[in-house]
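Participant: Below is a structure I'd like to ask you about.
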Amino acid sequence: MTLITDVRLRRTLDSRGNPTVEADVLTESGGFGRAAAPSGASTGEYEAVERPPSEAIAAAREHAVPRLVGEAYAGNQREVDAILRAADGTDDFSEIGANSAVAISMAAAKAGADVLGAPLFQHLGGTFRGDNFPIPLGNVVGGGEHAADATDIQEFLAAPVGAPSVEDAVFANAAVHEAVANLLEDRDIACGKGDEGAWAPSIDDAEAFEIVDEAVSLVEDEVGFEIGFGLDVAGAELYDSDSETYEYSDESRDTDEQIAYVAELVDEYDLVYVEDPLDEDDYDAFAELTDEVGDETLICGDDLFVTNTERLREGIDRDAGNSILIKPNQIGTLSDAFDAIELAIENGYDPVVSHRSGETEDATIAHLAVATDAPFIKTGAVGGERTAKLNELIRIADDAT
Ligand SMILES: O=C(O)[C@@H](CO)OP(=O)(O)O
Ligand SMILES: [Mg+2]
C-alpha cells in the first residue's frame with residue numbers, strides 16, 4: 001500500500017528568501033506527503049552537508065529517486081532512510097545533500113501517515129503517544145549570526161515552564177515577544193527583527209538581559225504561571241580559535257572566564273536553558289560548566305552534538321551537557337534524528353527538537369516532538385514559518401490534525 005510510486009523534487013523559497021528543496025512522495029494507494037528542508041545560518045562544523053538546492057535536487061534525482069520508486073515503502077521509515085544513506089554513499093550526505101535527504105525523509109513519513117489515515121505524530125511515535133506536549137522555547141531577542149548590529153548572544157528565549165497547556169505556552173511566548181517590544185519603545189530603542197522573528201535591537205547583552213527579564217516577569221504576572229528564560233549563546237560563533245577567546249563586542253573572555261560568566265548568568269537570571277555556551281569542539285569546557293550548574297539548568301549541545309549519535313555518545317561519556325538539540329537536517333534523516341533522541345533519553349539528556357533560522361511552512365518538527373515525548377521544542381515565537389509549527393502543536397493538542 002505504501003509502495004513509493006513517485007518522488008518529485010523542486011526548488012521553493014525559504015523564510016530568508018533563499019531557495020530550498022521541497023519533496024513530494026506519492027504511494028501506490030494514493031498516499032501523499034510533502035516536506036521541505038530548513039537551513040541554518042550559524043551551522044555547526046560537523047553538520048551534514050547542505051548542497052545548493054539545484055545541485056542537491058539533480059544529485060538526488062540521479063542517485064536516490066530510482067532506488068526509492070517502485071522499491072521502497074513510505075510506511076517503512078527505516079528502509080527509506082537506509083536507502084537515502086546508501087544512495088548518497090558518504091558519511092555526511094555531501095553527494096545528494098542533506099537538504100534533499102531530509103525533505104524526502106520527511107515527505108515519506110507524511111505519505112506513510114496519509115495512507116494510514118493517522119496524524120504524523122502517531123505514525124512516528126505509535127498509538128500511545130500524543131499526551132505529552134513539549135514546552136516551546138520562544139526566541140524574543142536575538143543577534144549573532146541572525147541579525148546584524150544586535151546582541152552578541154544569538155537568542156534570548158522565553159520558556160513558559162509552568163504553562164498548563166501547549167496553547168497557554170504558545171500565547172505566553174507571543175506575549176513576552178510583545179512585552180519586549182513595549183519595553184524597547186519605552187527606552188526609545190528602535191529595532192527590526194532577526195531571521196527568526198526575534199527583536200534585533202542594537203543594544204548590548206546586559207541591556208537585553210534586563211529587558212527580557214522584565215518582559216518575562218510582566219507576562220508571568222499576567223498569566224499566573226511560571227515563565228523562565230533561556231539562551232542560545234551560539235558559543236562557536238563567538239570563539240576565536242587563534243586567540244582561544246570568546247569575542248564579545250565589549251570584551252574578550254578566555255574559556256575559564258566564559259564558564260564563570262555563563263554560570264553567573266544562570267544564577268542571576270535563574271536560566272532554565274543554556275544552549276551552546278561554549279565552542280563546538282570543547283567537550284571539556286561543556287563538562288566543567290555542566291558540573292557547576294547542570295543541576296540547576298539544561299546545558300544543551302547544538303553545534304556540539306549536531307544531532308549525531310557518535311558525537312552525543314562522546315558527550316555522554318565525558319558528562320558534557322545534559323541536553324541535546326535535535327535538528328533533522330543536521331543529520332539528514334528522521335531515523336537518525338530518532339536515534340539521537342532515543343540515545344539522549346536513555347542517558348538522561350533532555351532532547352530539544354528545533355527549527356532552523358531559515359525555515360518553511362513545514363511543520364514536521366511539531367509532530368516529531370510529540371511523537372518522541374520531547375520535553376522542549378525551539379521554534380520561535382512569531383512569524384508565519386514559526387507559527388506553522390506552534391499552531392500545529394495546538395492542533396495536535398486539540399486532536400484536529
Ligand atoms: O543555532 C540555532 O540553534 C539555530 C536555530 O535557532 O540557528 P541556525 O539554524 O542558524 O543554526
Ligand atoms: Mg543553536
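The values are calculated or read from the model by the stated rules, or taken from the named source; none is laboratory data. None of these values were measured; they are calculated from a predicted model. Every residue, glycine as well, gets a Cβ built from its backbone with ideal geometry; the counts of neighbours run over all protein chains shown.
Participant: Do the conditions hold for Glu196, that is, is it within 16 Å of ligand 2 (Cβ to nearest atom), crowded, with 18+ Cβ neighbours inside 10 Å and more than 24 Å from Asp221 (Cβ to Cβ)?
Facilitator: Taking the combined requirement at face value, the residue satisfies it.
Participant: Filter segment 149-164 for residues that are in contact (Cβ under 8 Å) with a residue 60 or more places away in the chain, hydrophobic (A, V, I, L, M, F, W, C) and out of contact with any Lys or Arg (no Cβ under 9 Å at 6 or more places or on another chain) and give the result.
Facilitator: Scanning segment 149-164 gives Ile153, Phe156, Ala158, Ala159, Val161, Ala163.
Participant: Given the options Arg78, Arg67, Arg129, name the one that is surrounded by fewer than 24 Cβ atoms within 10 Å (Cβ to Cβ) and modelled with pLDDT under 95.
Facilitator: Exactly one of Arg78, Arg67, Arg129 is surrounded by fewer than 24 Cβ atoms within 10 Å (Cβ to Cβ) and modelled with pLDDT under 95, namely Arg129.
Participant: Could you say which residue among Glu47, Glu22 is crowded, with 20+ Cβ neighbours inside 10 Å, within 20 Å of Ser335 (Cα to Cα), in contact (Cβ under 8 Å) with a residue 24 or more places away in the chain and away from ligand 2 (no atom under 16 Å from the Cβ)?
Facilitator: Glu22
Participant: Within segment 300-309, is even one residue within 22 Å of Ala98 (Cα to Cα), among the aromatic types (Phe, Trp, Tyr) and more than 16 Å from ligand 2 (Cβ to nearest atom)?
Facilitator: Among the residues of segment 300-309, not one is within 22 Å of Ala98 (Cα to Cα), among the aromatic types (Phe, Trp, Tyr) and more than 16 Å from ligand 2 (Cβ to nearest atom), which makes the answer no.
Participant: For the list (1) away from ligand 1 (no atom under 16 Å from the Cβ); (2) more than 23 Å from Thr387 (Cα to Cα); (3) assigned to a loop (DSSP other than H, G, I, E, B), I need the number of the one condition that Val306 fails.
Facilitator: With (1) away from ligand 1 (no atom under 16 Å from the Cβ); (2) more than 23 Å from Thr387 (Cα to Cα); (3) assigned to a loop (DSSP other than H, G, I, E, B) applied to Val306, the lone miss is (1).
Participant: Can you tell which of Ser202, Ser217, Ser165 is surrounded by fewer than 16 Cβ atoms within 10 Å (Cβ to Cβ) and within 24 Å of Ala388 (Cβ to Cβ)? If you could, list the steps in order and put the result at the bottom.
Facilitator: Values: Ser202 fails: within 24 Å of Ala388 (Cβ to Cβ); Ser217 fails: within 24 Å of Ala388 (Cβ to Cβ).
Checking each option against the conditions leaves just Ser165.
Participant: Does Gly383 satisfy the condition of being within 15 Å of ligand 1 (Cβ to nearest atom) and either without any contact (Cβ under 8 Å) to a residue 12 or more places away in the chain or assigned by TED's automatic domain parsing to the domain that holds Leu298 (or both)?
Facilitator: yes
Participant: Same structure, new question: Do the conditions hold for Glu237, that is, is it under 25 Å from Val176 (Cα atoms) and either assigned by TED's automatic domain parsing to the domain that holds Asp91 or within 15 Å of ligand 2 (Cβ to nearest atom) (or both)?
Facilitator: No: the conditions fail for Glu237.
Participant: Tell me the residue from Phe286, Phe209 that is aromatic (Phe, Trp, Tyr) and closer than 22 Å to Leu343 by Cα, please. First the steps, then the outcome.
Facilitator: Details: Phe209 fails: closer than 22 Å to Leu343 by Cα.
After ruling out the rest, the residue left standing is Phe286.
Participant: Here is a further query. Do we have Asp336 as within 16 Å of ligand 2 (Cβ to nearest atom), at pLDDT 95 or above and under 16 Å from the mean Cα position of the chain (by Cα) here?
Facilitator: no
Participant: A further question follows. Filter segment 308-358 for residues that are among the hydrophobic types (A, V, I, L, M, F, W, C) and over 20 Å from Ala285 (Cα atoms) and give the result.
Facilitator: Scanning segment 308-358 gives Ile326, Ile331, Leu334, Ala337, Phe338, Ala340, Ile341, Leu343, Ile345, Val352, Val353.
Participant: Based on what the data block shows, is Asp281 surrounded by fewer than 20 Cβ atoms within 10 Å (Cβ to Cβ) and within 20 Å of the chain's Cα centre (by Cα)?
Facilitator: Answer is yes for this residue.
Participant: Would you point out the residue of segment 356-401, among those that are assigned to a loop (DSSP other than H, G, I, E, B) and charged (D, E, K, R), that is nearest to ligand 2 (Cβ to nearest atom)?
Facilitator: Residues of segment 356-401 assigned to a loop (DSSP other than H, G, I, E, B): 356-357, 359-363, 372-375, 379-383, 398-401.
Keeping just the survivors that are charged (D, E, K, R) gives 356, 359, 361-362, 373, 398-399.
Values: Arg356: 9, Glu359: 14, Glu361: 22, Asp362: 19, Asp373: 22, Asp398: 30, Asp399: 32 Å.
Among those residues, the one meeting the criterion is Arg356.
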